[in-house]
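Readers should treat all values here as calculations from the given coordinates under stated rules, not as data from a laboratory. Owing to the predicted nature of the structure, the values given are computational and were not obtained by experimental measurement. Methodologically, a virtual Cβ is constructed for each residue, glycine included, from the backbone with ideal geometry; neighbour enumeration extends over all protein chains shown.
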Amino acid sequence: MKKLTIVLLVLTTALLAHARLTKLWTYQELHDQADLVVIAKHISTTNITEQAILPNIAPDVHVIGLSSEFDVEAVMKGDASLKKLTLHHYRLAPLPENETMVNGPSLASFEADHYNTRYLLFLHLEPDGRYAPVSGQTDLDHVSILRLDGNAL
C-alpha cells in the first residue's frame, strides 16, 4: 500500500508540473551564431501590424509584432560603423477573458526602462534589414538580450 501511494503521488506531481525545455546558450554560442553583437541603448518601441503564433511552445501563444529602436554604443561583432538598429520582437496578444497562461514565453520588454539603460544584444540580420534575437523569439529575454546595470556612459 505504501508503494502504491508513493507511485500515485509521483504521477500526480508529474501531471501538475508545467515545465518546458529551453536551450541553455553559452556566450560563445550566442557570439558565434550572431551577425551582430552590440551594446545599445533603447530609444523607442512601436507596435507593428504583424500578428503571429510563437514557434516551439504549446499551447499556441499569440503575439503582436514590435519594432524597437536602439542607439548603438559599441560593436563587438559586425558592422563597426552602425549607429542605430531596429529590433524585431513580440509582445503577448491579449488573452481571452478568464484565460491564464502557465509557463509562458520570456519576451523582451523595454517600456519601464530608465533613460541610461543599456543592453548587450546578440542578433541575426533579417532579410528586411531589421534584427532579431539569435536565441529565437520564444525565449529571448536574458538570453539574446541582456540588460547591463553598469555605470559606464
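Amide H contacts for ASP35 (H built 1.01 Å from N in the peptide plane; partners 5 or more residues away or on another chain; cut-off under 5 Å): LEU123, HIS124, LEU125. With all pairs of separate Cα atoms included, region 24-124 yields a Kirkwood hydrodynamic radius of 15.3 Å.
Computing FRET efficiency as 1/(1 + (r/R0)^6) for ALA74 and ASN98, where r is the C-beta to C-beta distance and R0 is 35 Å, gives about 0.15. Protection proxy ranking of 84-91, 69-76, 51-58, 116-123, by the mean of other Cβ atoms within 10 Å over each peptide's residues and highest first, is 116-123, 84-91, 69-76, 51-58.
Which FRET efficiency value, to the nearest 0.05, is calculated for LEU82 and GLN33 with the Förster distance at 30 angstrom and r the Cβ-Cβ distance?
Once rounded, the FRET efficiency stands at 0.95.
In terms of modelled amide H atoms, which long-range or inter-chain residues lie less than 5 Å from the amide H of SER135? Residues meeting the criterion, in which the H sits 1.01 Å from N, are SER144.
Here the Kirkwood formula puts the hydrodynamic radius of region 26-69 at 13.3 Å, using every distinct Cα pair.
Model label points for SER67 and GLU126, set 7 angstrom from Cα along the Cα-to-Cβ axis, are 0.9 nm apart.
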